[in-house]
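Quick note: the coordinates plus some simple rules give every number you see, no bench work behind them. These numbers come from a predicted model, not from an experiment. Glycine gets a Cβ as well: all are built from the backbone with ideal geometry, and neighbour counts include every protein chain shown.
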Amino acid sequence: MADERQTRRMHEALDDQLAPEELDALYQGLDSDRHDASLFERLRTVDRMLREAPYENAPQTLALRVLAKIAEIKPEQLRRGAGLAIALGLGLVALLLLPLFAALGWLIIQVLSNPAAAVSAVISILGSIAGVILAAVQSVQTALLSSPLIPAALLGAIPAGLLLLRRLRGNRLDRERRERLGAPPKEEE
């Protein structure tokens, strides 16, 4: 049965990203394992079908319908959600800062009692943090490589977010202008 590495090599072979010696090793492994060979043949079929599939544009009204749905969100709904998001964010910050303050207290005690050991501990902690950051970056890179829809979804969310922010800003500026002029507030629909 194909493991994750073997499956990744199959995908790389279909994308012409394998070195010739790795490609030979892949084909030798496929010759000895019928299940892997069957999986590779299915992947090859799907790859060929996707490459030969006709490209069709989305309907022109799709973007308008999506933006219309976003525009239907009322400011009150955003405020309720924003309050909950702020509360969750503050809780998360407190949860993350608690170990930091505990470590800071431990570090102060260590510096006062044994400065050389404290410097060594700080270097060790910074090395661990760098390792965690490196692992996180590598996992994000793997996720982005395995699913091309993630960057597309993020790029698609940018214009929608900008339009939403522009609309909210326009509503706020309109409300401020009415208040300055002493006009009655505009009734919400």
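Within region 1-26, work out how many residues are surrounded by 14 or more Cβ atoms within 10 Å (Cβ to Cβ) and part of a helix (DSSP H, G or I).
11
Among the residues of region 121-142, the ones that are surrounded by 11 or more Cβ atoms within 10 Å (Cβ to Cβ) and not β-branched (V, I, T) come to 1 in all. Looking across region 47-63, the residues that are in a helix (DSSP H, G or I) and surrounded by fewer than 11 Cβ atoms within 10 Å (Cβ to Cβ) come down to M49, L50, R51, E52, Q60, T61, L62. Quick check: anything in region 163-173 assigned to a helix (DSSP H, G or I), surrounded by 11 or more Cβ atoms within 10 Å (Cβ to Cβ), polar (S, T, N, Q) and touching a residue at least 60 places away in the same chain (Cβ under 8 Å)? Within region 163-173, one or more residues are assigned to a helix (DSSP H, G or I), surrounded by 11 or more Cβ atoms within 10 Å (Cβ to Cβ), polar (S, T, N, Q) and touching a residue at least 60 places away in the same chain (Cβ under 8 Å).
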